[in-house]
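K.L.:
Dumping the structure here so I can ask a few things about it.
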Amino acid sequence: MPRSLKQAVACLIALASLAVTLAAAEGLRIVPLVRDDQVLVTFELADGFTEEVRDAVRSGLKTTFTYIVDLRLEVPAWVDRTIETAVITNSVEYDNLTRLHSVVRVLDGRVESTSLTENEATVRKLMTSFERLPLFRTSRLVPNREYYVRISASARPSNGAFLWPWGSGTSGQAKFTFLR
């Protein structure tokens, strides 16, 4: 294969992977905030509640979104270190007889909240939006260092491109500097 053709193919592959990365970053918005010895994380999965998800929920099929939230330390010229991990699982089941959605939020294996609602907009918000969750303590952080929160989101059931064009999940990250 000629060298110019190899370069062109490599360039196309790089552009395609950049496009997928940028699209994934747009789908998951993350804002970390340090307050009162805690890292509070606000995030939203903008494209998660698609028409396919709505159809699955309306059919009565239990639908679960799982968010893996990593607090990571950026390490120059080395593999970044994971400080802590939190797992958030949101499940929704629709009862066709009562016409109510049952939404359950589990944080690290503990049930944090349960909700019953008939409003689909409320279900969407409960499944995809999180406001200032106190997920991590700052006692393990070193002052004046740069950290980031990385979130990987996936869904069940999944059949390839059920939720997102990148398969059954998406991810994003946001940096912050811990100042003491």
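Here, each number is a calculation from the coordinates, and none is a lab measurement. Keep in mind that this is a model prediction, so the values were computed, not measured. Please note: Cβ atoms are built from the backbone with ideal geometry, for glycine as well, and neighbour counts cover all protein chains shown.
K.L.:
Multiply the residue separation of N119 and S139 by 0.36 nm, subtract the distance between their alpha-carbon atoms, and state the gained length in nm to one decimal. Please list the in-between numbers first.
P.N.:
Details: separation 20, 0.36 × 20 = 7.20 nm, distance 4.00 nm.
Gain in length upon complete extension: 3.2 nm.
K.L.:
While we're on this one: How high is the FRET efficiency from A46 to V75, r the C-beta distance, R0 30 Å, rounded to 0.05?
P.N.:
0.50
K.L.:
Here is a follow-up. Once the principal axes of the Cα atoms of segment 23-144 are found, what is the range along each, listed largest first in whole angstroms?
P.N.:
If we take the Cα atoms of segment 23-144, the spans are 55, 31, 20 Å.
K.L.:
Next question. Local charge sum around P134 (other residues, Cβ-Cβ under 15 Å, Lys/Arg +1, Asp/Glu -1)?
P.N.:
Value of the local net charge: 0.
K.L.:
Can you put E51, E112 in order, fewest other beta carbons within 10 Å first?
P.N.:
On the way: E51 7, E112 13.
Ordered by Cβ neighbours within 10 Å, fewest first: E51, E112.
K.L.:
Here's a follow-up. Give a quick list of chymotrypsin sites (Phe, Trp or Tyr not before Pro) in segment 42-141 that DSSP marks as loop, anything other than H, G, I, E or B, with at most 14 other Cβ atoms within 10 Å.
P.N.:
Values: sites: F43, F49, F65, Y67, W78, Y94, F130, F136; in loops: F49, W78.
Answer in residue order: W78.
K.L.:
I need the trypsin sites (Lys or Arg not before Pro) found in segment 70-157, filtered to DSSP loop residues with at most 10 other beta carbons within 10 Å of theirs.
P.N.:
R99
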